[in-house]
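Just below is one structure, and these are the notes that go with it.
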Amino acid sequence: MATRLALKFMKQCSTYRKVKLNNNFRHNFCTDASVGTARTPPPPIPKKVPQFSKKGRLFTGAGIGLLIGGGAYASTVDEATFCGWLFNATKLVNPFFAFLDPEVAHRLAVSAAARGWVPIEKRPDPPILELEVWGRRFSNPIGLSAGFDKNAEAVEGLLGLGFGFVEVGSVTPVPQEGNPKPRIFRLRNEGAIINRCGFNSEGIVAVAKRLGAQHGKRKLETTSSSSMNEEEVVQGGKAGPGILGVNLGKNKTSEDAAADYVQGVHTLSQYADYMVINISSPNTPGLRQLQGRKQLKDLVKKVQAARDEMQWGEEGPPPLLVKIAPDLSKQDLEDIAAVALALRVDGLIISNTTIQRPNSVTQNPVSQETGGLSGQPLFTLSTNILKDMYILTKGRIPLIGCGGISSGEDAYKKIRAGATLVQLYTAFAYGGPALIPKIKVELAECLERDGYKSIYEAVGADCR
Ligand SMILES: Cc1cc2nc3c(=O)[nH]c(=O)nc-3n(C[C@H](O)[C@H](O)[C@H](O)COP(=O)(O)O)c2cc1C
């Protein structure tokens, strides 16, 4: 590009010189003619004479100089520095996204990630962040939570941003539109969002097709990363292919919730590193009632049976997690913990959005909108529930902490409250790709500052 511009500039300069010479010649000739000494006809005058002002030439020259100089300098910096630049450069588009309707902005972001128009993280994750959960290796514990890529359109692009794992969905068995728009509302000053999407989903068949097309690739990548030697792993190595979670929802009109989740497991679990039964969205009537002791027990039993009756290879079936709400009483939490322990649920995600409106948002008129509140005002509520659940389950079940994380310090607090892995959505929607490397670096600093050698050592530190 810079070379093309330079050539164009040089060509334009030579044209300019020729024109100037011709003009001078004409000027001299005419002067002579005027005194009656010339008898030959005048030379042809160029038809179109490009006019360049001095200022224009100066700007073009400076621009090209900058381009060539910048390009030459960029070619001398290492890949990590260049990658850092790219991630930082994405901050420039944040104001543009903020200007758009939230759902349009979201759609654009997913499309960009699906087309690979997002930076790719080439820098290795800090080795202290690496961990293994459910026999799967996570290069870092920071995940993208469900709802961002509902239809698994952009898994590769999102994992490429440097998330340790990405959860797609919620996916419903039958495609459904969700609630009427507008249904996503920003509370920018509070770092929050209210949504009442109501499981807008293209359905399990469309998602299975997409994941099926990508799955072969993921398998290949997994194989090549597992051939990494010990030294590479110790040094942090190149971030692995990443872990994919599939989050299942139920159709609004479905009478048999268990049948919906079973259908989801039958169709999608072969593509997933872990599966999630989401019974905590506040926007599907009756869904949260499935968190009751008896309902949860019946549901989990049926879904586990559906998963276990399928043919699984050496790796075994994907772990099955349950995602719960932050609006639960102590009794509800005890019931869920009892069921999770009794049925050996593989993990819990704590939490989904809240129907409460903490004091920090009530001044904002948007807080009147119906729906689930996410982002910073959810942090304390969801972290307290996480802590309670870690204590109730005696640290025996891996927990994913979610709700209001917007910094490495927040992620660290969730880990100390009992989370082995963490997820975020809202802060990513506001902060964009640059937030991910920032959180990872900050989290590594927090662990090192407090003398931890790994994530495992810090899990539940505040509950002991
Ligand atoms: C617009 C939007 C859509 C969401 N859709 C889903 C969903 O389909 N399934 C789900 O389990 N959670 C969904 N969530 C909840 C998030 O996954 C997450 O649990 C919640 O936002 C709290 O995390 P955060 O504070 O980092 O955003 C959605 C959140 C938002 C903001």
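Length gain on complete extension for the stretch I355 to T380, per 0.36 nm per residue less the alpha carbon to alpha carbon distance?
7.6 nm
Once you sort the root eigenvalues of the Cα gyration tensor of segment 92-181 as a ≥ b ≥ c, which label holds: rounded (a/c under 1.5), prolate (a/b larger than b/c) or oblate (the other case)?
Oblate.
By how many nm would the segment from F96 to Q368 grow when fully extended, if each residue of separation counts as 0.36 nm and the alpha-carbon distance is taken off?
Length gained, F96 through Q368: 95.3 nm.
All other residues with a Cβ under 10 Å from the Cβ of P126 taken together, and with Lys, Arg as +1 and Asp, Glu as -1, what is their net charge?
For residues surrounding P126, the net value is -2.
By the gyration tensor of its Cα atoms, with a ≥ b ≥ c the square roots of the eigenvalues, what is the shape of segment 146-213: rounded for a/c under 1.5, prolate for a/b over b/c, or oblate?
Since a/c reaches 1.5 but b/c is at least a/b, the shape of segment 146-213 is classed as oblate.
In this model, which of K301/K414; K252/K413; K122/K394; K250/K440; K209/K250; K209/K302 are farther than 31 Å apart at the alpha-carbon?
Correct reply: K252/K413; K122/K394; K250/K440.
S329 to E132: extension gain in nm, 0.36 nm per residue of separation minus the Cα-Cα distance?
That works out to 67.7 nm of additional length.
Under the rule a/c < 1.5 gives rounded, and otherwise a/b versus b/c splits prolate from oblate, where does segment 374-433 land using the Cα gyration tensor?
Prolate is the answer for segment 374-433, as a/c is 1.5 or above and a/b outweighs b/c.
How would K54, K297 line up by accessible area, probe 1.4 Å, largest first?
K54, K297
When you count, for each residue, the other Cβ atoms within 10 Å and take the mean per peptide, how do 304-310, 163-169 rank with the highest first?
Packing proxy ranking, top to bottom: 163-169, 304-310.
Distance in nm between label sites at K297 and V104, each 7 Å beyond Cα in the beta-carbon direction?
Between K297 and V104, the simple spin-label model gives 5.2 nm.
For K330, what is the net charge nearby, where nearby means another residue's Cβ is under 15 Å from its Cβ and Lys, Arg count +1, Asp, Glu -1?
After counting each charged neighbour, the total is -3.
Using a cut-off of 11 Å between beta-carbons, work out the net charge of the residues near P285 (Lys and Arg +1, Asp and Glu -1, P285 not included).
Counting the neighbours of P285, the net charge comes to +3.
Compare the peptides 332-344, 389-401 by average per-residue count of other Cβ atoms within 10 angstrom and give them in order, highest first.
389-401, 332-344
Filter the trypsin sites (Lys or Arg not before Pro) in segment 79-138 to those in DSSP coil with at most 12 other Cβ atoms within 10 Å of their Cβ, and list the result.
Answer in residue order: R115.
Once phi is turned into θ = phi - 60°, what whole-Hz ³J(HN,Hα) does the Karplus curve with 6.51, -1.76 and 1.60 give for every residue of segment 201-211, x standing for Gly and Pro?
For segment 201-211, the Karplus-derived couplings read 8, 7, x, 5, 5, 4, 5, 4, 4, 5, 5 Hz, x marking Gly and Pro.
So how far, in whole Å, is the C-alpha centre of segment 183-217 from the one of segment 332-356?
Using only Cα atoms to place each centre, the spacing works out to 22 Å.
The values are calculated or read from the model by the stated rules, or taken from the named source; none is laboratory data. Treat the numbers as computed from the prediction; the structure is a model and nothing was measured. Every residue, glycine among them, receives a Cβ derived from its backbone with ideal geometry; neighbour counts consider all protein chains shown. Please note that ligands, DNA and RNA were not included when accessible areas were found on the heavy atoms of the full protein model with its side chains. Shrake-Rupley method; radii C 1.70, N 1.55, O 1.52, S 1.80 Å.
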